[in-house]
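Below is one structure; the comments refer to it alone.
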Amino acid sequence: MLTLNTQFDSAGYLSRFSSKGRIRLEGVLPDDDAAAIHHALEQETPWELHLVGGNGPEVINRRELATLPETDIQNRLQEAAERAQNGLSWLRLGYDLMGTVDDLPLKPLADLIKAPAFARFCEDLTGLSGLDLIALDAVCYRPGDFLTRHTDTAARLCFEWGFTVDWRSDWGGQMLFHSPSGDIEGGIMPRLNDLALFAGDQPRSVASVAPYAGGPRFSITGRFA
C-alpha cells in the first residue's frame, strides 16, 4: 500500500499557488515506492499511441499498431506534426487509468490518486475545495514526442507526477508555462517523484523531447473539476 508524504508547509504552498497558480512538491512518495512506479512505467505498462491526426485525437492500441501498415503509421505521425504548426496537437504514449486497472502494477498508485484523501491533500496545498477527479493517465514521451501550447478551462486543477530518472535539461521534455504574450514564465524539469499542481487555465506545453535523449520521460497526469 502506498503512503503519501503529507509533511509539507501548507501555508507556504498556499501562498505560492495563490500568486502563481502552480506549485511543485518533491518526494511525495517514499523513494522505494517511487522507484517501483518508474519500473512499472518502464517495463510493465501496455502503452497505446496517443496523437492528434487528420480526424482529431486518436488512441491506437498495441493490437491495432501491430496490424497497421508502416506507411499508415508514418502518415499519422506526419499529420500530428503538421497540426502542431498551427494549434493543439500531441504525440506520445499513454494509458487511461480512470477505468479498471486491476491487472496493472500501477494499480496501487491509481487507487491512491482516486481516493478522497488525495483530493483533500491537493485542496490543502492549493486552497481549492470540492475537487473531483475527472481524468487520470500514465504518459510516456519518447524522442520527438510533444504537446503543444494549450489550456484546460474544464479543469480547476491539473497535476503531473513525474517518474523520470537521470534526465538532463538539454533533452527537452519540460512542462513549460506561457505568458499571455507567449514568453516562457517557468518550466518544470522531468524528475523522479516530483508532483506539480497547476491551475487548468494556465497556458502550458510539453517541450519536444530531443532525438538524443537518453530515455523516455514518464509521468502520471490527472485533472480535477
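Brief remarks follow.
- As a length-normalised measure over Cα pairs under 8 Å and 6 or more apart, the relative contact order of the chain settles at 25 percent.
- Whether the stretch 1-103 is rounded, prolate or oblate, judged on the alpha carbon gyration tensor where a/c under 1.5 counts as rounded: oblate
- For the stretch 102-219, the square roots of the Cα gyration tensor eigenvalues, ordered a ≥ b ≥ c, give a/c of at least 1.5 with a/b no greater than b/c, which places it in the oblate category.
- Which of V59, V165, V139 is most accessible, then next, and so on - probe 1.4 Å: V59, V165, V139
- For the chain, the per residue solvent-accessible surface stands at 49 Å², with DNA, RNA and ligands left out and a 1.4 Å probe.
- Against the criterion of solvent-accessible heavy-atom surface with a 1.4 angstrom probe, T151, T126, T71 sort, most first, into T71, T151, T126.
- Solvent-accessible ranking of M98, M1, largest area first, probe 1.4 Å: M1, M98
- Helix 116-126 axis, angle to the chain major axis (alpha carbon atoms, nearest 10°): 80
- Helix axis angle, 70-84 relative to the chain longest principal axis, alpha carbon, degrees: 50
- Among C158, C122, C140, the residue with the largest mean-square fluctuation in a Gaussian network model of the chain, with springs joining Cα atoms closer than 10 Å, is C122.
- Formal net charge of residues neighbouring E64 (Cβ-Cβ distance under 14 Å; K, R +1; D, E -1): -1
- Evaluated on the chain, the Kirkwood hydrodynamic radius is 18.1 Å, with distances taken between all distinct Cα atoms.
- Pairwise label distance in nanometres, E44 with T100, each label 7 Å out on the Cα-Cβ vector: 2.0
The values are calculated or read from the model by the stated rules, or taken from the named source; none is laboratory data. Quick caveat, the model's predicted, so the values are computed rather than measured. Here Cβ is always computed from backbone atoms with ideal geometry, including for glycine, and neighbour counts include all displayed protein chains. Just the protein is used for accessible areas: all its heavy atoms, side chains included, with ligands, DNA and RNA removed. Shrake-Rupley method; radii C 1.70, N 1.55, O 1.52, S 1.80 Å.
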